[in-house]
Amino acid sequence: MNYLSPTPRDFYRKYFSHFMMGILALLSCIALVPFIAISFFIIQKGWDGLSLGFFTEIPAPPAEGGGGMGNALLGSAVIVGMASLLGIPWGMGAGIFMSEYPGQKLGRILRFTIDLLTTVPSIVVGIFIYHLVVIHYGFSAFAGALALCVIMLPIVAKSTEEILRLVPQHIREAGLALGLPRWRVIINILIPGTYSMLITGVILAIARIAGETAPLLFTSLGNQFYAQNLSEPTSTLPVQIYEFAKSGFKELESLAWSGALVLIVFVFLVNLTVRSILFLYKRRMEK
Amino acid sequence: MKTDTVLLQIKNLKAYFSSTLVLKDISLDVSTNKVVALIGPSGCGKSTFIRCLNRMHEETPEAHVQGEVILNKQNIYAPSADPVLIRRKVGMVFQKPNPFPGMSIFDNVALGLRLLGIRKRSVLEEKVHSSLVQAALWNEVKNILKRPGTSLSGGQQQRLCIARTLATTPSVILMDEPTSALDPVSTMRIEELIRHLVQTVTVVIVTHNMQQASRISDNTAFLLNGELVEYEKTSRLFTNPSDPRTEQYITGRFG
Amino acid sequence: MPLPKLFNSYPKIKEIHISDRLFFHILQILALLVLAAFAALVLLIFLESIPALKKFGVSFFFNPEWDSWKEDFGALAMVWGTFISSILALLIAVPISIGVALFLNELAPVWLAKPLNFCLEMLAAIPSIVYGLWGLFVLAPIIRSPIQEFLGKYFSFLPFFKGPQYGIGMMSAAVVLAIMIIPTISSICKEVFRSIPSSHKEAVLGIGATKWEMLKTAVLTGGRAGIIGACIMGLGRALGETMAVTMVIGNKPSLSLSLFEPAQTMASILANQYAEADSALHLSSLTAVALALFIISLIVNSSSFILVWNTQKKFSRG
């Protein structure tokens with residue numbers, strides 16, 4: 001009796017299984033197509049417009065061509081910077097509160113609120129800031145920063161909480177046993193120990209808000225020139241890409257592509273940085 | 001031992017995890033309708049060894065196998081051999097009882113048959129019945145066949161897993177420390193079951209419990225650091241081991 | 001022998017008490033500020049939408065008109081556009097995402113899985129404005145010709161493929177959304193599949209199942225709740241997505257069945273009209289749309305959290 005002789009049904013099952021594995025591989029290839037297509041077109045259409053002037057000049061009138069997105073880049077940097085100055089300490093504070101004071105009722109409510117906050121569509125955050133600030137003080141870089149801060153807040157808080165929770169309890173107890181007050185344990189032991197991980201969480205949050213468009217549409221609005229102060233409408237890279245893309249002028253569209261290239265390279269570099277930080281951290285841990 | 005028919009012949013088996021050699025050139029014969037126990041300290045390769053006997057080892061990423069395992073004159077590692085067909089003839093019971101989640105007791109046993117294309121309700125019922133009877137579980141579950149398999153107690157779950165394996169009428173059943181997660185009473189029932197099963201199938205069982213090995217097995221193999229130290233009749237291995245390392249292990253010197 | 005520095009600077013009992021309390025209170029204030037911000041968000045949006053809700057009542061959500069000249073506002077077309085575009089996106093994205101997740105977890109060798117994973121993570125990190133730009137100038141022309149041309153030629157007897165072929169419209173929006181949610185769905189599916197113990201998979205293989213039968217029984221059936229959760233999470237992301245959709249959907253409120261037609265979603269009408277609303281009622285109606293969008297994404301996202309979380313807990317308990 002031959003144990004291993006397949007029946008026709010076994011053949012069918014075997015080849016059907018192979019067929020399905022092929023389908024899975026095919027689906028993976030399909031998922032890869034957009035990434036390749038997007039990268040390819042952004043580089044192809046955006047590369048020519050990149051020059052020193054792109055980073056310093058303001059957009060030229062469409063008929064003249066040329067010009068740059070210096071004002072938008074500066075505006076983005078200022079707004080993202082302000083949002084980070086506000087959002088990082090705020091978010092980290094909330095994250096520390098959630099992980100280090102677990103018995104608190106407020107902590108549970110906070111975690112729930114943060115979860116809800118992550119689900120708010122970013123355009124709704126823009127509307128919130130519009131009514132909170134813009135209605136009273138007009139469009140400004142400050143309003144834009146506030147909107148981005150609200151978007152950044154739950155991301156930073158969650159990553160801080162998750163990272164601090166990875167620290168085993170006995171480390172905290174060891175610190176307390178030295179007679180350190182709790183806040184010293186947090187500031188001098190927990191945060192330095194998880195420093196590189198915390199940084200990656202923050203960097204990813206910054207990358208995320210740097211690409212946000214919707215909440216800036218009616219908070220910082222836009223500006224054809226360099227904004228003179230923080231209470232003026234200020235252009236940002238994503239919003240200006242949007243404006244130029246729907247302008248209908250070839251010259252501005254080409255600027256938009258270059259802007260997208262800059263944005264995507266920024267995001268790519270940030271991700272590479274985060275990866276290398278995590279890689280080094282892991283290696284240090286393994287040693 | 002020589003008069004028995006050899007069912008499973010393992011020749012120069014080597015198993016790797018990526019480039020680490022975990023089984024070093026093992027050869028041994030398993031006779032029909034016998035219980036073979038594998039003992040040895042943890043990490044000695046017992047589990048890897050039985051996982052090589054139904055080609056489960058290769059399901060682990062970066063694991064591979066060299067050598068031959070001959071089941072009834074056919075090498076299961078021959079290029080043309082299909083692991084799916086082999087696993088139907090060489091069943092496996094795992095350390096932790098693992099009924100398929102979300103499936104009823106009946107479906108747990110019937111799945112293997114359904115995969116074989118058996119659709120007729122009466123045939124399925126008959127086979128499920130006989131498998132559960134064989135696994136000494138029928139009386140306990142005959143009225144609750146629709147309940148999820150995970151609702152049973154640990155010992156019952158493990159017998160369900162044995163019934164599930166029996167349903168496809170294997171000639172060999174591999175058991176990887178099947179009682180290590182169970183209480184003593186459930187353990188005893190499984191041991192009785194194994195002695196009973198061996199009338200129809202051949203059992204290769206990994207155990208960390210030497211009393212268990214001596215109670216239920218006909219032959220015992222002692223593995224140490226991926227090497228087969230000794231393979232003997234159980235009665236002989238435990239009373240008069242020929243290798244000093246075996247003696248040290250069974251007298252509790254290490255492991 | 002000098003005392004260790006730590007000992008020298010050891011604060012008195014009372015000081016510890018005060019410094020610890022101070023630190024706690026600072027954190028407490030930051031936490032309360034988060035609650036305050038969220039409460040303010042909900043409250044402001046609710047208050048600002050009251051005039052519109054008062055004027056139109058529940059019929060606001062069943063009125064397909066959106067006319068700022070006649071001041072007749074209804075959200076039905078936007079709700080329709082949001083759900084249709086998101087559900088079409090899911091139909092495209094779910095099979096691909098599950099396929100990718102299975103491929104990465106169960107099939108692909110490490111040298112292939114790593115770069116593929118990297119591409120997916122980058123796809124998730126690309127800002128939506130970039131998707132919009134690409135969708136508008138690259139994808140929409142491709143959708144118009146050959147895809148819509150072909151469908152219009154041979155399938156125009158179906159209501160879905162009727163009308164003029166602009167490229168920009170429901171179909172492009174659905175495709176862009178699908179591309180954007182593939183990384184979301186596949187990464188959660190991957191987590192869910194990874195939480196399925198290998199003993200479950202081996203148990204199925206052990207009774208002589210083929211690889212596909214194993215995936216179907218142990219992975220897809222075992223992780224069903226988690227997969228559904230992942231899909232709902234993708235749906236949540238698609239519902240709230242603004243920029244990419246705004247740029248390719250055509251921004252014309254419509255209840256048409258045709259995938260060729262321009263449409264409008266709740267998020268896209270906000271992006272288009274909020275900064276230049278003509279009247280107080282117009283602004284309030286837009287805010288009411290935002291309120292509805294907020295509530296819908298709240299419900300959709302929280303149900304997905306619960307589903308994914310439950311699946312992972314089920315398996316981690318053994």
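Before moving on, here are some points about what is shown:
- Qualifying residue in the range B:79-90 (condition: away from chain C (no Cβ under 13 Å), modelled with pLDDT of 90 or more and not in a loop (DSSP other than H, G, I, E, B)): no
- Criterion applied to A:Ser28, A:Ser84, A:Ser51 was being among the polar types (S, T, N, Q) and facing chain C (nearest Cβ under 8 Å), and the one residue passing it is A:Ser28.
- Criterion violated by A:Val167 - all others in (1) within 11 Å of chain C (Cβ to nearest Cβ); (2) assigned to a loop (DSSP other than H, G, I, E, B) satisfied: (1)
- Residues in the range C:283-310 that are of a type in the set (Ser, Thr, Tyr) and at the interface with chain A (Cβ under 10 Å from one of its Cβ atoms): 4 in all.
- Every test in (1) touching a helix residue (DSSP H, G or I) at 6+ places or on another chain (Cβ under 7 Å); (2) among the aromatic types (Phe, Trp, Tyr); (3) in contact (Cβ under 8 Å) with a residue 60 or more places away in the chain is passed by A:Phe249 save one, and that test is (1).
- Residue count for the range C:227-266, restricted to those that are within 14 Å of another protein chain (Cβ to nearest Cβ), buried (at least 24 other Cβ atoms within 10 Å of the Cβ) and in a loop (DSSP other than H, G, I, E, B): 5
- Consider the range B:92-120 and keep the residues that are at pLDDT 90 or above and small (Gly, Ala, Ser). The one that is nearest to B:Phe17 (Cα to Cα) is B:Ala110.
- Within the range A:1-50, the residues that satisfy the criterion of being polar (S, T, N, Q) and outside any helix (DSSP H, G or I) are A:Asn2, A:Ser5, A:Thr7.
- Residue list for the range B:196-210, restricted to those being modelled with pLDDT of 90 or more and either under 13 Å from the mean Cα position of the chain (by Cα) or within 23 Å of B:Gly43 (Cα to Cα) (or both): B:Leu197, B:Val198, B:Val201, B:Thr202, B:Val203, B:Val204, B:Ile205, B:Val206, B:Thr207
- Only helices (runs of 4 or more DSSP H) whose full extent lies in the range C:34-152 are considered here, and the ones with at least 3 residues that are free of Cβ contacts under 8 Å to residues at least 24 places away in the same chain and within 7 Å of chain A (Cβ to nearest Cβ) are C:110-125.
- Residue match in the range A:213-235 (condition: in contact (Cβ under 8 Å) with a residue 24 or more places away in the chain, surrounded by fewer than 21 Cβ atoms within 10 Å (Cβ to Cβ), within 10 Å of another protein chain (Cβ to nearest Cβ) and within 16 Å of A:Ala260 (Cα to Cα)): no
- Looking across C:Ser302, C:Ser268, one residue alone is of a type in the set (S, T, N, Q), under 22 Å from the mean Cα position of the chain (by Cα) and over 21 Å from C:Trp80 (Cα atoms). It is C:Ser302.
- Residue count for the range C:109-156, restricted to those that are touching a Ser or Thr at 6+ places or on another chain (Cβ under 8 Å) and of a type in the set (A, V, I, L, M): 7.
- Test: residue in the range C:177-198 that is part of a helix (DSSP H, G or I), within 14 Å of chain A (Cβ to nearest Cβ) and without any contact (Cβ under 8 Å) to a residue 12 or more places away in the chain: no
- Elements of type helices (runs of 4 or more DSSP H) contained in the range B:98-180, each with 1 or more residues being within 25 Å of B:Arg51 (Cβ to Cβ), touching a Leu at 6+ places or on another chain (Cβ under 9 Å) and away from chain C (no Cβ under 14 Å): B:121-134, B:154-166
The values are calculated or read from the model by the stated rules, or taken from the named source; none is laboratory data. What you see is a predicted model; the values in this text were computed from it and never measured. FYI the Cβ positions are ideal-geometry reconstructions off the backbone, even for glycines, and counts take in every protein chain you see.
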